[in-house]
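Structure first, commentary second.
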Amino acid sequence: MFVRELVSVALFFVTATSVSGYSVTTDTPNVRVKENQGADLSCTYSADFGSNPRIEWKFQNLKGSQTYVVFDGKPTGSYANRVSLYHGNLRFNSMTRQDNGRYDCEVYGGGQFAEATVQVVVEVAPSPPMCKVPSSVITGTMAVLSCHDPDASPPPTYTWYKGNTPLPADPNSIDAFKNTTYKLNVQSGKLEFPSAAKTDSAQYYCQVSNGVGTPQSCKAMMMEVRDVNTGGIVAGVIVFLLLLLLLGLAIWFAYKRGYIPSPKR
């Protein structure tokens, strides 16, 4: 009797947990493809969805914007000449850097819904980055150097060079740089000197790399850190005061000579 009850409980448990196997899977959760080459994004669904389920592919770019690639089993207008659908799989004839992002395969059928996600990285080699280096900085003020490559994919990392020496992302990690005060963001390419010193004067250039193709660099540019020219400022103030004095004397002389009429009473 006890054994029979155990079998009944076991059968009930199996029945209760054997919920319908609606599922959508992919064999290509992460796809890397060189730009202008084709790629296959797989999507497999269980038979529970029926013989003719509704299949949709959605795309979300790196900025979060979404669009349909396939709607109700058919490629949408902007993708009609670039993609084809076969047994739920999505085939691109060619992919560009604008195709970087997330692709969701969504399957509807039998009153159920399930999805699978594919992440796509379109590989684009770095280009020579755009760099900005201030030519002159006053001692003790902030100096910001920037470096950016809008084309590289996946997103690149940036390395700044002072002369021919690469600057470590964390200056405290290397003894030779522990007395420096810069901040370097290797993801954004921003190099910041919160309080520039004369020892920061040098030629600077930036290198960009992302594991695709050859790393690229911008042209080295000179940043010179100078003290405030106190003598020049004082001389300028004195000259300005002398000019005001001369102007006042000229007005007084013209008034005395009658060149400037007296105001009528």
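The values are calculated or read from the model by the stated rules, or taken from the named source; none is laboratory data. These figures come from a predicted structure and were not determined experimentally. Please note: Cβ atoms are built from the backbone with ideal geometry, for glycine as well, and neighbour counts cover all protein chains shown.
Give the residue that is surrounded by the fewest Cβ atoms within 10 Å (Cβ to Cβ), with candidates limited to residues of region 67-98 that are over 18 Å from residue 24 (Cβ atoms) and in contact with a Phe, Trp or Tyr (Cβ under 7 Å, 6 or more places away or on another chain). Top of the filtered list is 67. Looking only at region 146-161, residues that are out of contact with any helix residue (DSSP H, G or I) (no Cβ under 8 Å at 6 or more places or on another chain) and either over 22 Å from residue 98 (Cα atoms) or in a strand (DSSP E or B) (or both) come to 8 in all. Within region 47-99, the residues that satisfy the criterion of being touching a residue at least 60 places away in the same chain (Cβ under 8 Å) and under 18 Å from residue 22 (Cα atoms) are 48, 49, 50. Within region 163-184, restricting attention to residues that are within 22 Å of the chain's Cα centre (by Cα) and assigned to a loop (DSSP other than H, G, I, E, B), the residue that is farthest from residue 148 (Cα to Cα) is 170.
Name every residue in region 125-176 that is under 16 Å from residue 221 (Cβ atoms), of a type in the set (Ser, Thr, Tyr) and out of contact with any Phe, Trp or Tyr (no Cβ under 7 Å at 6 or more places or on another chain), in order of residue number.
135, 136, 146, 158, 159, 165
For region 154-175, residues that are among the polar types (S, T, N, Q), buried (at least 16 other Cβ atoms within 10 Å of the Cβ) and farther than 12 Å from residue 189 by Cβ total 0. Criterion applied to 140, 101, 111 was being surrounded by 14 or more Cβ atoms within 10 Å (Cβ to Cβ) and at positive phi, and the one residue passing it is 101. Using the structure shown, decide if residue 151 is modelled with pLDDT under 95, of a type in the set (D, E, K, R) and assigned by TED's automatic domain parsing to the domain that holds residue 216. The answer is yes for residue 151.
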